[in-house]
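Notes follow the structure.
The values are calculated or read from the model by the stated rules, or taken from the named source; none is laboratory data. All values derive from a computational prediction rather than experimental measurement. Every residue, glycine among them, receives a Cβ derived from its backbone with ideal geometry; neighbour counts consider all protein chains shown. The area values use the complete protein model at the heavy-atom level, side chains included, leaving out ligands, DNA and RNA. Shrake-Rupley method; radii C 1.70, N 1.55, O 1.52, S 1.80 Å.
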Amino acid sequence: MNILEETYLIHRLKPFFTNFRKTIKKMPKSFVLDEDIINFINRDIEDFDSIIGLGNIVENFVFLHFYEKHKDNLSFYRTVSGYEIDFIINNKQKIAVEVKYKNKIARTHTPFKRFEFLYPNTKKIIITKDYIDYKDNTFFIPACILPLVKL
C-alpha cells in the first residue's frame, strides 16, 4: 500500500478524531487517485448503472472532488459501534458528507445526528443519485452536479 500511495495511485484517508493517538490507531480508507485505473477495470461496461460497486465509484468521485480542494482537512468518521460518515471536511465549520447513490434514500441519517451532537453547527450533505433538496438542515445534492456546488 505504501508503494501505491508514494506513486500517487491511491490515497489513504485518515479517520477524524480530536484525540491524535486514536487517529493513529484507526484503519484508514483507501481511494484511487487516478480515475483511469477505475475506467480500465470497467472498460467493457456499456451501461453506467450496471457497474458492480457503482456506489464505491461514486464515493471515489466525491473523494477526488473534495481531495482537490480540502486535501489537508479531509477525513472520515467511524464510531466503535459501526456508524460511519464518508467524509468530514474540518474547516472553520465542519462539513459532514455521506454518499448515498441509490434510487431511494432515507431522509435522515443516524451518524449525522451523533456527529452533530458532538460537534454542533455541522453542515450536513448527502450526495445522491438524482435527488436534490434541503430538509432538516441537510443538503441533498446529486453527484452529477457536485462539481458545480460551492461549499
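Of note:
- Stokes-Einstein D (µm²/s) once Rh is taken as the Kirkwood radius of the chain over alpha-carbon pairs, at 37 °C in 0.692 mPa s: 201
- Here the chain exposes an accessible surface that is 53 percent carbon and sulfur, computed with a 1.4 Å probe and the other protein chains kept in place.
- Options Thr79, Phe140, Thr128, ranked by Cα towards positive dipole end of the chain, top entry (Cβ charges): Thr79
- CD proxy at 222 nm, helix term only [per DSSP H run n ≥ 4: -39500 (n - 2.57); per residue of the chain; nearest 500]: -8000 deg cm²/dmol
- The chain: antiparallel DSSP beta bridges as a percent of all, rounded to 5: 55
- Test item: Cα-centred dipole of the chain, Lys/Arg +1 and Asp/Glu -1 on Cβ, debye: 1120
- Gain on full extension, evaluated as 0.36 nm per residue between Phe117 and Val149 minus their Cα-Cα distance, stands at 8.9 nm.
- Extension gain for Ile37 to Leu9 (0.36 nm times residue separation, less C-alpha to C-alpha distance): 9.2 nm.
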